[in-house]
Amino acid sequence: MDTNMKRRIFLKGSLAASAIGVALGAGLLAPKAVLAAWSEAAFTAKKMPDALNALFGTDMLEESGSIAIKAPDIAENGAVVPITVSAEMANVESISIIAANNPVQMIASFNLGEGGVPFVSTRIKMGKSGDVVAVIKADGKLYTAKKGVKVTIGGCGG
């Protein structure tokens, strides 16, 4: 790589970092506003009903066949378990993922904007075999589905 090419890469990186610094300084990027809305109690609760009550104000769930969870039947490494949750229902407000046998069960909660597609895909950690539970909030009600995943090597220190 010649000197001119190295200089261009350095300048591009410097300009990008400067632009981000200016945007942060001007308040255009405000991570506090995004992070302020998370429920610490839900993500530290040891039991699923406690997590649901902290996040939604209720733990009343209704089973639904309109929710699809795609996950491996056997996860060879619990540190990286791919999960996809989708729903065939209207007015989905949020999708939450729970690993029922993890020490802290609430894994993730995604708030969807109005008209958003009810679909999330992520990778989660599972300490041991158990159910992956999806909780969908739609029209103010909570719906759920679950899928069992067998973990051969635990991902939460096991």
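No value in this document is a laboratory result; all are computed from the given coordinates. If you're wondering where the values come from, they're calculated on a predicted model, not measured in any experiment. Cβ coordinates were reconstructed from backbone atoms using ideal geometry, including for glycine residues, and neighbour counts include every protein chain displayed.
Rounded if a/c is under 1.5, else prolate if a/b beats b/c, else oblate: with a ≥ b ≥ c from the C-alpha gyration tensor eigenvalues square-rooted, which is the stretch 50-101? In terms of gyration-tensor shape, oblate.
Summing Lys, Arg as +1 and Asp, Glu as -1, what charge do residues with Cβ under 14 Å from the Cβ of GLY113 carry, GLY113 excluded? Before the final figure, lay out each step's value.
Numbers: positive: LYS137; negative: GLU93, GLU114.
Local charge sum for GLY113: -1.
Among 126-137, 63-74, the peptide with the highest mean count of other Cβ atoms within 10 Å heads the list, and the full ranking is 126-137, 63-74. Charged neighbours of VAL80, selected by a Cβ distance under 10 Å, balance to +1 (K, R count +1; D, E count -1). With no solvent and one point on each alpha carbon, what is the Debye value of log10 I(q)/I(0) for the stretch 105-158 at q = 0.13, 0.24, 0.26 Å⁻¹? Cα-only, vacuum Debye calculation for the stretch 105-158: -0.42, -1.06, -1.17.
Taking every alpha-carbon pair under 8 Å whose residues sit at least 6 apart, the stretch 39-151 reaches a relative contact order of 31 percent. Net charge of the neighbourhood of VAL92, taken over other residues with C-beta under 15 Å away and scored Lys/Arg +1, Asp/Glu -1, is -3. P(r) tail for the stretch 51-158, what percent of Cα pairs lie past 24 Å? Value for the stretch 51-158 (Cα pairs over 24 Å): 21 percent.
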